[in-house]
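Below: the structure, in structure tokens.
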Amino acid sequence: MTERNDRTELVEHGQLFIGGEFTDPLGADVIEVVSPHTEQVIGRVPHACEGDVDRAVAAARRAFDEGPWPRMALDERIAVITRIKDAFAVRHEEFARLISAQNGTPYSASVMVQALAAMMAWDAAITVARSFPYEERRDGALGPLLVRREPVGVVAAVVPWNVPQFTAAAKLAPALLAGCTAVLKVSPETPLDAYLLAEIAAEAGLPEGVLSILPADREVSEYLVGHRGVDKISFTGSVAAGRRVMEVASRNLTRVTLELGGKSAAVILPDADPEAAVAGIVPFAWMINGQACVAQTRILVPRSRYDELAEAFAAAAGALRVGDPLDPATELGPLVARRQQQRSLDYIRLGQEEGAKILTGGSVPASQERGWYVEPTLFGSVDNSMRIAREEIFGPVICLIPYGDEAEAVRIADDSPYGLSGSVWTADTGHGIDIARRIRTGTFSVNTFSLDMLGPFGGYKDSGLGREFGPEGYGEFFEHKMIHLPAGYREA
């Protein structure tokens, strides 16, 4: 079971959570979790193998086909999920610390973004489940119809390292409430918090087989999503990985939801309050150290106010406090792995070669003797055709892009292979809503930045398929059945 963690303690687990029980792994491989701040090993867990996947899927299959969970009354499932949600509230600081230690999210943000947001996702799914139309009568062309929504079956949920519990909740909460069973595959960079979730799930009273949690790499992930015993895949990750998931799933015609990357635009209109725009955008441009798919990584500013806004954004970014993610004063921590640090540094070099100008940052911070840090970096004079403006960097590197008129701003915002998020900043909220309607992206905010878990979240274009959250996301975990009734039939 999980030991209580602080910044110095080594956390070790020797078992896997399969079918609701902690059990010995079939393989001998181990995942070593490395602190992105100290570059030291802070945890060890078993690396699940294909045989462990077989065991987990078999347990989920039995639990769905023969077990009580899909056959329980909705209120009974809600009671179990409510206990999971309540346990998150009690242990949210523990989740926040553990996730920060693994992926570098500043603890000051981790409490909300990593822990309480996950709790809210579990809670929002409960709200949606209570009012969802599971069965409805319709008048058909040939007679009355009964349309039912029935749980899709065994769900493979694959989550990334940047917001591991939030993305797990986005998948598990609706899947389990719908009556599905699930196998959660967690990233090798952030497996430790998954053991807290396993403890909570076991204590909440999930029946045998309903949930398994497996830490593993991409090869085991591919085996899971290609498994014949899986009915539905819910994946969050990169576009390249999403394409591979879809390719593998197509062999079995397995249903797929993909939440992928983004290169979202924050459009500042000429009438916007500059202080409000800078204060509202900066936290969500560099959120999770720039490692967020919804991050506002392209900031579009009118040429008429370019110098003023460039100076303001550069000052705000340069003032972000960089350091130990477990220090409550830290505003920007290290990237999750050395490869991510190098990726950001490579893009910084590329941006300079393309002709963009570094307004602040651009290197490894001198204040950090070790760790996978990159300074909060802002490029100015960026053209939207540059690679730094078109490709998802997934690091603390932001582009400031000038535009002429409003039509050009909308064109630039839309000129992206992605379409996940975005925002507009203006003195006229009604006009901002009009801009939001014109830009092709799955979520958009006016004079704010938000992800409301009672509404649908997902992307256009390369940003994914399907939706999470709200009734639309809940509906992804159901099959639709039409029952034809005889003409004139009326229920007694």
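The values are calculated or read from the model by the stated rules, or taken from the named source; none is laboratory data. What you are looking at is a predicted structure, and each value in this text was computed from that prediction instead of being measured. With ideal geometry, Cβ positions are generated from the backbone for all residues, glycine too; neighbour counts draw on all protein chains shown.
Miscellaneous remarks
- A Cβ distance below 8 Å, combined with a sequence gap of six or more or placement on separate chains, defines the contacts here; from the stretch 13-40, residues that are more than 28 Å from Gln340 (Cα to Cα) and in the same structural domain as Val57 (by TED's automatic domain parsing) reach no residue that is surrounded by fewer than 18 Cβ atoms within 10 Å (Cβ to Cβ) and of a type in the set (Lys, Arg).
- The C-beta contact set for the stretch 301-327 (first residue over 19 Å from Lys357 (Cβ atoms), second residue modelled with pLDDT of 95 or more and of a type in the set (D, E, K, R), distance under 7 angstrom, 6+ apart or interchain) comprises Leu320/Glu331; Arg321/Glu331; Val322/Glu375; Leu326/Arg97.
- Taking (1) crowded, with 20+ Cβ neighbours inside 10 Å; (2) under 30 Å from Gly395 (Cα atoms); (3) in contact with a Leu (Cβ under 8 Å, 6 or more places away or on another chain) in turn, Arg44 satisfies each apart from (1).
- For the stretch 355-379, filtering for residues that are in contact with a Ser or Thr (Cβ under 9 Å, 6 or more places away or on another chain) and either over 15 Å from Glu311 (Cα atoms) or buried (at least 16 other Cβ atoms within 10 Å of the Cβ) (or both) leaves 16.
- Of all residues in the stretch 378-418, those satisfying the criterion of being in a loop (DSSP other than H, G, I, E, B) and without any contact (Cβ under 8 Å) to a residue 24 or more places away in the chain are Ser385, Asp405.
- Matching option when the condition is at pLDDT 95 or above and among the charged types (D, E, K, R), among Arg138, Arg91: Arg91
- From the options Ala59, Ala79, Ala73, residue that is at pLDDT 95 or above, under 16 Å from Cys180 (Cα atoms) and either crowded, with 18+ Cβ neighbours inside 10 Å or in contact with a strand residue (DSSP E or B) (Cβ under 7 Å, 6 or more places away or on another chain) (or both): Ala59
- Some residue of the stretch 334-342 being touching a strand residue (DSSP E or B) at 6+ places or on another chain (Cβ under 7 Å) and crowded, with 19+ Cβ neighbours inside 10 Å: no
- Cβ-Cβ contacts under 7 Å between residues 6 or more apart (or on different chains), taken from a first residue in the stretch 51-70 that is within 15 Å of Phe17 (Cβ to Cβ) to a second residue that is of a type in the set (Phe, Trp, Tyr) and part of a helix (DSSP H, G or I), are listed as Val53/Tyr223; Ala63/Trp69.
- One residue stands out among those in the stretch 438-459 that are in the same structural domain as Met287 (by TED's automatic domain parsing) and assigned to a strand (DSSP E or B): the one that is surrounded by the fewest Cβ atoms within 10 Å (Cβ to Cβ), which is Val446.
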